[in-house]
Amino acid sequence: MQYYNEEKMKTLRLKIEKEILSWSNVTTKKMYGCPCYKYNDKLFAFMVTDGVVLTKASEQDKEKLSKEFTIKPFQAATRTMKSWPQIPVDETSDLKKIIPFIKNSYNQSKI
């Protein structure tokens, strides 16, 4: 199963990376074909086709996200990662609204 299409997502990936790769101790690598973002080797976010998945989102952030976006839990083949919200993104998305949630996930990975 392909989770990420670089051809479709490259422009958004570059915009997101411009911001988050400037944060302290953030590294990126591909896992299962998806660009993943880690703080000191702790995964805090990754991209999928048409979305960004947060692995360290607080309950408060998930609630806020659900009011602004149509989020869903990340689906890894037959496994549903209920605590990992997937935020839909496309060319029309306001990344300024999404970046703070990615930053919060990053900050949670420091704990």
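The values are calculated or read from the model by the stated rules, or taken from the named source; none is laboratory data. Fair warning: this is a prediction, and the values are worked out from it, not measured in the lab. Counting neighbours? That spans all protein chains shown, and the Cβs are built from the backbone with ideal geometry, glycine included.
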Residues of the range 95-106 being surrounded by fewer than 17 Cβ atoms within 10 Å (Cβ to Cβ) and either of a type in the set (Lys, Arg) or in contact (Cβ under 8 Å) with a residue 40 or more places away in the chain (or both), which ones?
Leu95, Lys96, Lys97, Ile99, Lys103
Considering every residue within the range 60-75, establish whether at least one is assigned to a loop (DSSP other than H, G, I, E, B), charged (D, E, K, R) and surrounded by 12 or more Cβ atoms within 10 Å (Cβ to Cβ).
no
So for the range 52-62 (the condition being out of contact with any strand residue (DSSP E or B) (no Cβ under 9 Å at 6 or more places or on another chain) and in contact (Cβ under 8 Å) with a residue 40 or more places away in the chain), does at least one residue qualify?
yes
Just checking, which of Thr28, Thr55, Thr78, Thr49 is modelled with pLDDT under 95 and of a type in the set (Val, Ile, Thr)?
Thr78
Among the candidates Met81, Met47, residue that is part of a strand (DSSP E or B), touching a Pro at 6+ places or on another chain (Cβ under 8 Å) and closer than 17 Å to Trp23 by Cβ:
Met47
